[in-house]
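The values are calculated or read from the model by the stated rules, or taken from the named source; none is laboratory data. Everything numeric in this text was worked out from a predicted model, so none of it was measured. Please note: Cβ atoms are built from the backbone with ideal geometry, for glycine as well, and neighbour counts cover all protein chains shown. Quick note on the areas: whole protein, heavy atoms, side chains included, nothing else; ligands and nucleic acids left out. Shrake-Rupley method; radii C 1.70, N 1.55, O 1.52, S 1.80 Å.
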Amino acid sequence: MESPLLHKRSQVGRAATMATRVVLGSLVIIAGASCKPAAKPSQCLQFSADLMPAFAGGLVRKDLRLANAWAVKSDQMIDSAGVKFPAYFVSADIIASNGEAVPGTWLTTEITKPGLIYSVSPQAQKYTTWAKSGDASTAGITMQSAGAKESVACVLNNRPAGSATGTTPKATTP
């Protein structure tokens, strides 16, 4: 025979157990929502300032300059005469004398010392004299390749505040 007192204890016990589960579940959800996922390491690699003159040496106009360069390692290789080299996408702001800037993207074999340089983006091809990617050494490497757009994002995310951005440098008259 079941006692009324025992029946009330079991209902109270079940309710307490259920309330505890709800509270613990809520705490887990709150704790999980407040924690940020572990940040993946940045793909952006600081491009050596010592190498900027080499890249700038390919500019087609003296009133342009390069700044804010960042690199991202490509998963593709550059094949130069049968020798395979690691490839890096390097993006930098091409800056006109009036301060307007547009990012350009190149491909290189080195980010700490001089290496081969190829123009990848339309801006890099327009404003520099470096060979265009897509030859036998760089077959299949385009702005759609993994790492190209990421290197542009590195430039855009690391621009100094107040820079005139996103516009194509205009020709100046001498």
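Which residues, taken from segment 147-161, are assigned to a loop (DSSP other than H, G, I, E, B) and buried (at least 18 other Cβ atoms within 10 Å of the Cβ)?
Just the residues of segment 147-161 that are assigned to a loop (DSSP other than H, G, I, E, B), to begin with: 147, 158-161.
Gly147 - this is the single residue of segment 147-161 that is assigned to a loop (DSSP other than H, G, I, E, B) and buried (at least 18 other Cβ atoms within 10 Å of the Cβ).
Of all residues in segment 75-91, which are open to solvent by less than 30 Å² (accessible area, probe 1.4 Å) and touching a Leu at 6+ places or on another chain (Cβ under 7 Å)?
Initially, segment 75-91 is screened for residues open to solvent by less than 30 Å² (accessible area, probe 1.4 Å), giving 78, 87, 89-91.
Within segment 75-91, Ile78, Ala87, Phe89 meet the criteria.
Remark: pairs (first residue in segment 132-144, among the acidic types (Asp, Glu); second residue surrounded by 11 or more Cβ atoms within 10 Å (Cβ to Cβ) and not in a loop (DSSP other than H, G, I, E, B); Cβ separation under 8 Å; 6+ apart in sequence or on different chains) = Asp135/Tyr118.
Among the residues of segment 62-78, those identified as closer than 17 Å to Gly134 by Cα and touching a Phe, Trp or Tyr at 6+ places or on another chain (Cβ under 8 Å) are Ser74, Met77, Ile78. In segment 50-66, the count of residues that are touching a helix residue (DSSP H, G or I) at 6+ places or on another chain (Cβ under 8 Å), closer than 20 Å to Asn157 by Cβ and not acidic (Asp, Glu) is one or more.
With the structure loaded, tell me whether Ile94 is modelled with pLDDT under 95, of a type in the set (Val, Ile, Thr), surrounded by 14 or more Cβ atoms within 10 Å (Cβ to Cβ) and under 20 Å from the mean Cα position of the chain (by Cα) or whether it fails that test. Judged against the criteria, Ile94 is not a match. Within segment 129-146, is even one residue among the basic types (Lys, Arg), assigned to a helix (DSSP H, G or I) and either open to solvent by 20 Å² or more (accessible area, probe 1.4 Å) or closer than 26 Å to Asp50 by Cβ (or both)? The answer is no; no qualifying residue exists.
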